[in-house]
Every structure is written in structure tokens, then in C-alpha cells.
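Shown next, in C-alpha cells, is the structure this report addresses.
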Amino acid sequence: MQKNKVLVIGGAGYIGSHVVRALLKNDFAVTVYDNLSTGQECNLFADAQFIRGDILDFQMLRQTMSEGYDAVVHLAAKKAVGESMDNPQKYALNNLNGSVNIFNAMIETGIKNVVFSSSAAVFGMPQYMPVDEQHPVCPINFYGYTKLKIEELMDWYSRLKDFHYIALRYFNAVGYAADGSIKGREKNPQNLLPIVMEVATGKRQKMQVFGNDYDTPDGTCVRDYIHVEDLASAHVAAIRQLLQKGDSHVINLGTNKGTSVLEIIEAVERVTGRKIAYEFAPRRAGDPAILVATNQKAQKVLNWQPDYVNIDEIIQTTWNLEVK
Ligand code: UDP
């Protein structure tokens, strides 16, 4: 039987490379399209074709897509929240214009299906917990605004054209493929777990915990940490769903479970056997106290659920990279 062909745009990045790995394991024919601005060559797989290209280069996108694909996975975006507030032009150009280019090139070349990496950042300050897909959207940073606008654009295109999409709203992605096949660590990480890891390895002396006066059990922020391999398997399920049924959806991807910043630090100490030096610092602007997903819709529509439910196991997959 002929393999289904998938174009993974942003496939050399942290989440993208895990998606490529999962697609290859599930017998898809994969092409990666990435400009390697934040993606890394060491995240590429020999079994996937690689095209170095930019999403702002419409001609190249169209030429690439004219090879014919059953689906596109679109993960190419700028994603640093703080930077998006300082330099919204960069985020408008890359995230908004880049997405318009991708979807327009799909329509011109007859590709009907796209899985899009959206974010819990579309919700802004949550009004109730856990957050379901009906929760009002009201981003409070420019990054989240771009993700919401792209969701809306896809919704319009799905009404006007033969265009089908699944937007996956990631909560906090963490961990690495347990087999160590993906090695590319992010440079200048901004997220909690890579920062705690840098303290564990001695690359950083001390870290800051942003706020210990939240209305949470230990006063620190609670998030829904989902293993990147579980995120990746949801993309495979989303492509299958699009190929079989073609209905468009917006779906939250989380674990239904919250973990506080201090609980993450304690878990890293347990897994690594090392002491993590930290200090309490003022709250970070725009941080909600608690952000946890319900993944009922993902279970129902994608027949998906996370395999990793234990935070120590998740952290172990990150630590493996450091000790190997
Ligand atoms: N955080 C922290 N210190 C850091 C980085 C993050 O205390 O050096 C906290 C942050 O305030 C938030 C949680 O860790 O409550 C997760 O932050 P991250 O930036 O990883 O993801 P976000 O939830 O903002 O998408």
C-alpha cells in the first residue's frame, strides 16, 4: 500500500522532531521543511526528506507542496512570549504572514488537510478549571494573539474552501523521546523544566521561582505538563482523523493534571539526585495561578490519551539526555 505523505513544516524543532519521529514509526512518508532558525540539524531523521526553506518564501512553499502531500503539519512559529511583547512585528510577520503563506500554498496545490500547533496561550487568564475547548479565548500576550488569529483564519478557510484542519492547543510540553533519538536541546531556554535542568547540570547556579503567593496549595503556579511524545502521538491521530473523516476541530492537549513549580523542582531533585538552588522572585507578568486542561475532547475525537502520567518519569526522559 502507498504510504500517506506528510509535510512537516517546522519539523527540526523540539516538538516538530518528535512529531516526525512518531509519523515515521507509524509508516508515513515524511518531508521536513524548516529554515533551521531555531530548529537543529541534529533533530533531523535520515528517513525523512529535508528541505531547508522559510515560510515567508511563498514560491518555495508552493513548489515544495506541488510534489503532492496528503497533509501538512504546521509547527513553524516564533514562540517566546516575552519577545512577542517587545517585538510584535516579528511575530506578526513570521506567525501570521507565514501561516497565510502556508494555507494559501496548500489551497493552490490542492492539499486539503493541516494539523496546526496552537497553544493554551489563546485562553489568557482562565475563568474556570479545568479548561475545556468552550472556554472563552482572550490572549494576554502577542504570541497567544497570533495563535488565535491563525485558528480563526483556518476556520474561515474551512468554511470557504476544501480546507480541513485540526488545531491542537498544547499546554506545557516537556520531556524527550525516551530512546534518546532526539538530542537537540533548546538554546537559551525560557521554559521552566529546561531551566531547572540547567541548574541540575551546573550550567546555571541558581534559578528563580516566579511568585510564591498564588492561591495554590504551595503558593507557586500550577501547570499541566504533557510529555512531548504524547503530543506527537496526538498529531498522528489528528492526521488519521483528517484523512478518514475530514472534520475540522480545535482540541486541547493536556493531561488533566496540575503540577506546581515547587513540585517540578522536587521531582527534578528526586530524579537527578541533585539539589536545585532557587530563590523566590516576584510574579512574572501575565502568569495565571493555575492552567490545567481537560482532555476529554482529545479522547473522544482522536481516541487519544497520554501515556505519561507520572511527572518523575517525564523528567527522567529529559535527564537521560544529560547523563548519556
Ligand atoms: N517559571 C519559574 N521560573 C522560571 C521559569 C518559569 O518559576 O525560571 C514558572 C512560570 O512562572 C510558570 C511555570 O514556571 O508558572 C511554567 O512556565 P513556562 O515558561 O515553562 O511555561 P508557561 O506556563 O508560561 O507557558
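The values are calculated or read from the model by the stated rules, or taken from the named source; none is laboratory data. Fair warning: this is a prediction, and the values are worked out from it, not measured in the lab. We place every Cβ from the backbone using ideal geometry, glycine too, and count neighbours over all the protein chains shown. SASA here: full protein model, heavy atoms, side chains in, ligands and nucleic acids out. Shrake-Rupley method; radii C 1.70, N 1.55, O 1.52, S 1.80 Å.
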Query raised in the report: Residue farthest toward the positive end of the dipole of the chain, with Cβ of Lys/Arg at +1 and Asp/Glu at -1: which of 282, 189, 17?
Result: 17
Requested in this report: Taking only Cα atoms and a 10 Å spring cutoff, compute GNM fluctuations for the chain and point out the largest among 87, 101, 35.
Outcome: 87
Query raised in the report: Taking only protein heavy atoms and a 1.4 Å probe, what accessible area per residue, in Å², does the chain have with all protein chains in place?
Result: 45
Report summary line: Too long for a 28 Å Cα-Cα cut-off, among 147/203; 79/183; 112/297, are 147/203
Query raised in the report: With the contact rule set at Cα under 8 Å and sequence spacing of 6 or more, what percent relative contact order holds for region 20-141?
Result: 22
Query raised in the report: Which one of 91, 225, 278 has the biggest mean-square fluctuation once the chain is modelled by GNM with Cα springs under 10 Å?
Result: 278
Requested in this report: Could you give the size of the charge dipole of the chain about its Cα centre, using +1 on the Cβ of each K and R and -1 on the Cβ of each D and E, expressed in debye and rounded to the nearest 20?
Outcome: 380
Requested in this report: Counting only C-alpha contacts under 8 Å and six or more residues apart, can you give the relative contact order of the chain as a whole percent?
Outcome: 18
Report summary line: Quick calc, residue 305 & residue 24: beta-carbon distance into FRET formula, R0 25 Å, rounding 0.05, result 0.70
Query - Between region 153-183 and region 13-43, the Cα center-to-center distance that results, in Å - result: 13
Query raised in the report: Roughly speaking, what % of Cα-Cα pairs in the chain are separated by over 39 Å, rounded to a whole number?
Result: 9
Requested in this report: For region 135-149 and region 93-126, write down the distance between their C-alpha centroids in whole Å.
Outcome: 13
Query raised in the report: For residue 25, which aspartates and glutamates qualify as cross-link partners when the Cα separation must be under 15 Å and same-chain residues fewer than eight apart are set aside?
Result: 47, 179, 229, 230
Query raised in the report: Which value, in debye to the nearest 20, describes the size of the charge dipole of region 1-160 about its Cα centre when Lys and Arg Cβ atoms bear +1, Asp and Glu Cβ atoms bear -1, and nothing else is charged?
Result: 80
Query - Viscosity 1.567 mPa s, temperature 4 °C, Stokes-Einstein D of region 59-117 from Kirkwood C-alpha radius, µm²/s - result: 106
Query raised in the report: Can you pull the percent of the chain's accessible area that's carbon plus sulfur, 1.4 Å probe, other chains left in place?
Result: 47
